[in-house]
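Each remark here refers to the structure printed beneath this line.
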């Protein structure tokens, strides 16, 4: 498997690892989302000053307002964070080559 | 680093590995995109019957029509493939538990 394929597989496996904690194994409820963010995105969580960050994220991502996130609704969180990280990476690279 | 963080880092590193092949290290031109798809998404490439698949993908992703893809323009390819893979994973899991 290539690095990009591994990366996509890992995204799917992480989502399903947390989504499968309740009976409905295909979506994240708020408790599962909280656990995922606490365990998988600890640096991001620390950077957030809002105490209700998980509530805010759930509200932002839950497109159909069913209080659950399917993979499609979850993905924008990863995309947003990846884009932010990439911007930092580019800035850091620039500094490094100066 | 957590699995999700590693996965996001890997996305960024793969993009920049191919983007840095020409002078403009921050974007993929068509040649770099082709190389990325050939090396990193070989199974996807095999599944495509359209001989001009790289041209089609470039056209679809290149939002500002500058014949280059920045990370933000590239990400929808990964998202689309991940969502397709996740649907297969869920179907496969369903069969497994029957």
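With one equal scatterer per alpha carbon and no solvent term, the Debye-computed log10 I(q)/I(0) for chain A at 0.24 1/Å reads -1.35. With 5 Å bins beginning at zero, the pair-distance distribution over Cα atoms of the protein assembly as shown amounts to 1, 7, 14, 18, 19, 15, 12, 9, 4, 1, 0, 0 %.
Taking other Cβ atoms within 10 Å as a rough exposure proxy, B:28, B:33, A:45, A:61 sort from fewest to most as A:45, A:61, B:33, B:28.
Can you bin segment A:45-85 into rounded, prolate or oblate? Criterion: square roots of the alpha carbon gyration tensor eigenvalues sorted a ≥ b ≥ c, rounded for a/c under 1.5, prolate for a/b above b/c, oblate for the rest.
Note, shape of segment A:45-85 comes out oblate.
Remark: label point of residue A:48 defined 7 Å out from Cα along the Cα-Cβ vector; separations to the same position in other copies 3.6 nm, ascending. Helix B:71-97 and the long axis of chain B differ in direction by around 10°, with both axes built from C-alpha atoms. The simple Förster model, with R0 at 25 Å and r as the Cβ-Cβ distance, assigns residue A:84 and residue B:52 a FRET efficiency of 0.15. Under the shape rule built on the C-alpha gyration tensor, where the axes satisfy a ≥ b ≥ c, segment B:1-42 is oblate, since a/c reaches at least 1.5 while a/b does not exceed b/c. When the helices of the protein assembly as shown are scored as -39500 (n - 2.57) per DSSP H run of n ≥ 4 and the total is divided over every residue, the value at 222 nm lands at -23000 deg cm²/dmol. Rounded to the nearest 10 degrees, the angle from helix B:30-40 to the longest Cα principal axis of chain B is 30 degrees.
Of the residues A:56, B:20, A:82, the one with the fewest other Cβ atoms within 10 Å heads the list, and the complete ranking is A:56, B:20, A:82. Computed from Cα atoms, the angle from the helix A:3-19 axis to the main principal axis of chain A rounds to 30 degrees. Listing B:41, A:36, A:11 from fewest to most neighbouring C-beta atoms within 10 Å gives B:41, A:36, A:11. For chain B, the relative contact order is 22 percent, taking Cα pairs closer than 8 Å that sit 6 or more residues apart in sequence and dividing their mean separation by the residue count.
Quick note: the coordinates plus some simple rules give every number you see, no bench work behind them. Just so we're clear, the structure is a prediction, and the values are computed from it rather than from any experiment. Neighbour counts are summed over all protein chains in view; Cβ atoms, including those assigned to glycine, are modelled from backbone coordinates with ideal geometry.
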